[in-house]
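A.B. asks: Mind looking over this structure? Questions follow.
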Amino acid sequence: MRPKILRIALVAALATGSMLVATPGAATAAPTSGFDDWTCLPSAAHPNPVVLLHGLGGNGPGNYSYLGPRVAAAGYCAFSLTYGQAGPAFPVGGTVSITKSAPEIAAFVDRVLTTTGAAKVDIVGHSEGGFHSLYGPKVLGYSGKVGHVVAMAPPTHGTTFGGLVTVGDFLGLRPVVDIVLATFGCQACPEILVGGSAVKALTSGPIAQPGVEYTIIATKYDALVTPHETSFVREPGVRNLFVQDVCPLDPVGHVGLAFDSGVAQLVINGLDPAAAKPVVCGFGPPL
């Protein structure tokens, strides 16, 4: 009799399980992590998906080919986009006016929130993308949707532009960038120079928004965003640091920030300061 009872119990359990699985809302999918994986579900440990914003003349997948997977490996859902494209045929972005690309980014933030079911995003921005990570929450007013901002070498107070399209150079996209600039120009460039219109909009009044935690990372060997301290926001609630404060021998340059192992850990620590891990210093590309 006992084997028969066990068989009946097993059948009943399987039937009950099938009913539970088949009932909408009865089962909850397990959290995951991933880079540009739109099935990713944030975990309780890392509830905010991360939006990754590229630099001038770059694109999302290329600019974050190194850092994106490392953010995902730390347990986050991470998403990149290519904003500010002069036209759909060009795989580079960031050249159109800040006032045009900023709403694109805001819409992308909403897409990420809707898809993941999260209440807030964290934003990691590099160069012009770092500028947007500060500009959008303040000027477009969506700071309530943002938990952390980690900005790498943003031209916060304007740059004197020691160089221009080094991101495109590094990604092997310089010929495309040259075509874009020759055909359409760079509307964003004068806007993020010292005294530029976008800089004025960002720096008019406090930059840091209530409820958002900020980390700004710069390098003393930056040849593009100059002077170097133009990146920093000297306001309460903002942590400003040079890579060399932590890794004094790292020669990393402006573009190299997105391709440096030590900087990657600084970025991940900025996303979750309470769980910050020791930084193993690297030697990032010096350009």
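The values are calculated or read from the model by the stated rules, or taken from the named source; none is laboratory data. Note that the coordinates shown come from a computational prediction; the quantities given were computed from them, not determined experimentally. Methodologically, a virtual Cβ is constructed for each residue, glycine included, from the backbone with ideal geometry; neighbour enumeration extends over all protein chains shown. Just so you know, the surface numbers come from the protein's heavy atoms only, side chains and all, with ligands and any DNA or RNA stripped out. Shrake-Rupley method; radii C 1.70, N 1.55, O 1.52, S 1.80 Å.
A.B. asks: Going 7 Å from the Cα of GLN187 in the Cα-to-Cβ direction, what parts of the range 96-139 have a backbone nitrogen less than 16 Å from that spot?
C.D. replies: 96-106
A.B. asks: Also, I was wondering about something else. If I stretch the segment between ALA45 and GLU235 completely, what's the gain in nm (0.36 nm per residue apart, minus their alpha carbon distance), one decimal? Please list the in-between numbers first.
C.D. replies: On the way: separation 190, 0.36 × 190 = 68.40 nm, distance 2.80 nm.
Gain on stretching ALA45 to GLU235: 65.6 nm.
A.B. asks: Another one. Round to the nearest 0.05 the FRET efficiency obtained for LEU249 and TYR66 when R0 = 22 Å and r is the Cβ-Cβ distance.
C.D. replies: Working: r = 20 Å, r/R0 = 0.90.
According to the calculation, E is roughly 0.65.
A.B. asks: Mind grabbing the accessible area of LEU249 for me, 1.4 Å probe, Å², rounded to tens?
C.D. replies: Ignoring ligands and nucleic acids, LEU249 comes out at about 140 Å².
A.B. asks: Would you rank HIS157, HIS228, HIS148 by solvent-accessible area, highest first, keeping every protein chain in place and using a 1.4 Å probe? Display every interim value, and only then the final one.
C.D. replies: Details: HIS157 80, HIS228 55, HIS148 30 Å².
My answer, sorted largest first, is HIS157, HIS228, HIS148.
A.B. asks: Starting from the amide H of VAL149, placed 1.01 Å from N in the peptide plane, find each other amide H under 5 Å away whose residue is 5 or more places distant or on another chain.
C.D. replies: ILE123, GLU213, TYR214, THR215
A.B. asks: Under 5 Å between amide H atoms, partner at least 5 residues away or on a different chain: which partners does LEU193 have, H built in plane at 1.01 Å?
C.D. replies: The list, which skips near neighbours in sequence, is THR159.
A.B. asks: If I model a spin label as a point 7 Å beyond the Cα along the Cα-Cβ vector, how far apart are those points for ALA107 and ALA30 in nm?
C.D. replies: In this crude spin-label approximation the distance works out to 3.7 nm.
A.B. asks: Short version: ³J(HN,Hα) in whole Hz for each residue of the range 133-140, in order, from phi by Karplus 6.51 cos²θ - 1.76 cosθ + 1.60 (θ = phi - 60°), x for Gly and Pro, what are they?
C.D. replies: 5, 8, 5, x, x, 7, 6, 8
A.B. asks: Let me ask something else. Would you list the P(r) distribution for the range 174-271, with all Cα-Cα distances sorted into 10 Å bins from 0 and each bin expressed as a whole %?
C.D. replies: Result returned by the calculation: 14, 35, 36, 15, 1.
A.B. asks: Largest first, how would THR95, THR226 line up by accessible area (1.4 Å probe)? Can you show the working numbers first?
C.D. replies: Values: THR95 5, THR226 25 Å².
From most accessible down to least: THR226, THR95.
A.B. asks: I want to check the label-to-label distance for LYS220 and VAL280. Put each point 7 Å from Cα in the C-beta direction and report it in nm to one decimal.
C.D. replies: 2.5 nm
A.B. asks: Same structure, new question: Convert each backbone phi in the range 223-232 into a coupling constant with the Karplus relation 6.51 cos²θ - 1.76 cosθ + 1.60 (shift: θ = phi - 60°), then list the ³J(HN,Hα) values in order as whole Hz, x for Gly and Pro.
C.D. replies: 9, 10, 8, 9, x, 4, 6, 4, 5, 6
A.B. asks: Amide H neighbours of GLY34 under 5 Å, at least 5 residues apart or on other chains, H built in the peptide plane: list them.
C.D. replies: TYR76, CYS77, ALA78
A.B. asks: Quick one: accessible area per residue over the range 205-287, 1.4 Å probe, rounded to a whole number of Å²? Don't skip to the answer; put the middle values down first.
C.D. replies: On the way: 3540 Å² over 83 residues.
Ligands and nucleic acids excluded, the figure is 43 Å² per residue.
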